[in-house]
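I have placed the structure first, in the form of structure tokens, so that the comments after it can refer back to it.
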Amino acid sequence: MSGTLVIGGGVVGKACALALRRAGESVTLLDPQGSARPASYGNAGHIATEQVAPLASPAALASAFRRLFALGGALDFRLADIGAWGPWAARFVAASTADGAAHGQRALSGLLKNALPAWRRLAESLGRPDLLIERGHVVVWESAASARAGRAAWEAADIGQARLAPLAEPTKARLEQLIQPAIAGGVAFQNTGQVSDPALVLRLLDEAFDAAGGRRRVGQVRRLANVDGRVVAELSDGQQLAPERVLVAGGVGSGALMRGLGHVAPIIAERGYHLEGGADHWDDLPPVVFEDRSLILTRFGDRLRAASFVEFGREASPADPRKWARLRRHLSELDVSLEGPVAEWMGARPTLPDYLPAIGASRRVDNLYYAFGHQHLGLTLAATTGERVAALVGGAAPATDLAPFDLARFERGWNTRSNA
């Protein structure tokens with residue numbers, strides 16, 4: 001098989017496949033999900049350039065207990081899946097040191113500074129500059145105490161290329177006309193954005209890939225094998241593919257494929273939930289984060305999406321209906337209604353213990369590359385990841401140092417990695 005085989009049908013895999021094809025590579029995109037909607041379909045649509053600080057940090061550890069779902073928060077661990085998240089959690093704790101957080105912050109900063117410019121280039125190249133909406137986003141609090149604490153935390157945080165401003169009174173007034181509780185305080189972020197519709201992003205990437213001469217097929221990779229120093233993909237139907245190059249960009253499933261070749265890839269399914277319905281009553285606002293509730297509301301055309309939760313478990317485990325019930329309770333308390341049929345959705349973010357993605361070239365086989373583990377930043381970093389992967393595969397020096405994202409970091413330990 002000639003050319004590059006890209007394994008993965010989410011936004012990162014599709015963006016990489018398109019970038020590789022436009023760079024002159026012969027590319028086949030193997031989508032393991034087919035018509036199923038990947039995690040990148042169900043996100044909040046937010047281009048989160050402000051999320052420079054990784055979630056693996058002493059602050060995250062210190063706040064974990066009070067954020068538990070049982071105490072009204074958004075953080076949950078499926079007890080039945082402790083075999084999956086238990087070892088991952090131990091690695092997360094080990095990564096959540098001051099030095100580790102500082103290393104992760106430097107690494108993410110290098111990727112995030114190009115996130116919006118890369119999205120502008122991608123949207124323009126798709127002939128749809130309107131796909132990217134650059135109106136920032138809003139964070140609000142419902143009590144004076146949480147407003148003081150939240151504002152102070154954001155003012156002290158590294159938010160990269162984003163900018164923080166007081167919440168304008170007209171915006172606050174518009175919001176208070178739409179919701180029941182009074183807003184005690186808020187801030188407006190600039191130089192962040194959203195996509196007009198995550199499902200449209202996926203469709204346009206497919207159409208552009210097809211138009212550029214890329215090939216798409218539905219299939220599940222059972223395993224990757226090392227044959228004389230090169231990777232061979234064995235599909236679930238028994239067929240074997242021996243392409244010139246393989247890019248693993250398959251979300252949560254990437255971990256098992258990489259481990260089959262001897263890589264250490266401790267990935268977990270970090271599951272999120274949303275409700276979506278008609279938005280006739282909702283104003284034309286940028287995304288609104290209700291930080292007291294860990295809830296974000298984003299309007300996509302005539303639909304309003306309410307998204308939340310950080311639930312650790314197995315990707316294939318049943319959804320927890322209590323999460324949708326909690327979302328409905330939040331909306332009821334805010335006096336926000338979703339018109340018409342309301343869709344329920346759950347999807348799994350692919351997350352590594354240090355909350356950095358894995359982007360690089362294998363040191364175990366000569367023709368293997370990878371780009372997965374983007375956690376909450378898959379949509380945000382999809383366009384810039386595609387550019388960097390195309391440069392890497394093409395033998396050019398990527399614009400960002402990819403050393404912090406090498407999977408070997410999980411083999412040689414944190415201390416070595418933090419000094420890289």
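Please go through region 145-162 and give me each residue that is part of a helix (DSSP H, G or I) and touching a helix residue (DSSP H, G or I) at 6+ places or on another chain (Cβ under 7 Å), ordered by number.
Those that are part of a helix (DSSP H, G or I) and touching a helix residue (DSSP H, G or I) at 6+ places or on another chain (Cβ under 7 Å): SER146, GLY150.
Kindly evaluate ALA107 against the criterion of being in contact (Cβ under 8 Å) with a residue 60 or more places away in the chain, of a type in the set (Gly, Ala, Ser) and buried (at least 21 other Cβ atoms within 10 Å of the Cβ).
It is true that ALA107 is in contact (Cβ under 8 Å) with a residue 60 or more places away in the chain, of a type in the set (Gly, Ala, Ser) and buried (at least 21 other Cβ atoms within 10 Å of the Cβ).
Restricting the search to region 108-144, which residues are small (Gly, Ala, Ser) and assigned to a helix (DSSP H, G or I)?
Those that are small (Gly, Ala, Ser) and assigned to a helix (DSSP H, G or I): SER109, GLY110, ALA115, ALA118, ALA123, SER125, ALA144.
Say we look at region 235-251 and pick out the residues that are surrounded by 24 or more Cβ atoms within 10 Å (Cβ to Cβ) and out of contact with any Leu (no Cβ under 8 Å at 6 or more places or on another chain); which of these is farthest from ALA74 (Cα to Cα)?
ALA249
Give me the helices (runs of 4 or more DSSP H) completely within region 345-418, filtered to those with at least 2 residues that are buried (at least 23 other Cβ atoms within 10 Å of the Cβ) and hydroxyl-bearing (Ser, Thr, Tyr), ordered by residue number.
378-393
So for region 275-291 (the condition being under 30 Å from GLU25 (Cα atoms) and surrounded by fewer than 16 Cβ atoms within 10 Å (Cβ to Cβ)), does at least one residue qualify?
No: region 275-291 contains no residue that is under 30 Å from GLU25 (Cα atoms) and surrounded by fewer than 16 Cβ atoms within 10 Å (Cβ to Cβ).
Kindly list the number of the only condition in (1) outside any loop (DSSP other than H, G, I, E, B); (2) crowded, with 19+ Cβ neighbours inside 10 Å; (3) in contact (Cβ under 8 Å) with a residue 60 or more places away in the chain that fails for VAL336.
(1)
Before we move on, is ARG326 at pLDDT below 95 and of a type in the set (Lys, Arg)?
The answer is no for ARG326.
Looking for whichever is in contact (Cβ under 8 Å) with a residue 40 or more places away in the chain, part of a loop (DSSP other than H, G, I, E, B), under 30 Å from ALA80 (Cβ atoms) and of a type in the set (S, T, N, Q) here; the options are SER317, SER308. Which one fits?
On inspection, the qualifying residue turns out to be SER317.
Among the listed residues GLY347, GLY394, GLY373, which satisfies the condition of being touching a residue at least 12 places away in the same chain (Cβ under 8 Å) and at positive phi?
Unique residue meeting the criteria: GLY373.
Which one is surrounded by the most Cβ atoms within 10 Å (Cβ to Cβ), of the residues in region 10-37 that are modelled with pLDDT of 95 or more and polar (S, T, N, Q)?
So the residue we want is THR28.
In region 225-263, how many are at negative phi, touching a helix residue (DSSP H, G or I) at 6+ places or on another chain (Cβ under 7 Å) and either charged (D, E, K, R) or not in a strand (DSSP E or B) (or both)?
3
When the residues of region 293-333 are filtered to those that are out of contact with any Leu (no Cβ under 9 Å at 6 or more places or on another chain), under 24 Å from ILE183 (Cα atoms) and not charged (D, E, K, R), which remaining residue is surrounded by the most Cβ atoms within 10 Å (Cβ to Cβ)?
Checking each candidate, the answer is ILE296.
The values are calculated or read from the model by the stated rules, or taken from the named source; none is laboratory data. For clarity, every value in this text was computed on a predicted model and none was experimentally measured. A quick note on method: Cβ atoms are made from the backbone with ideal geometry, for glycine too, and the neighbour counts reach across all protein chains shown.
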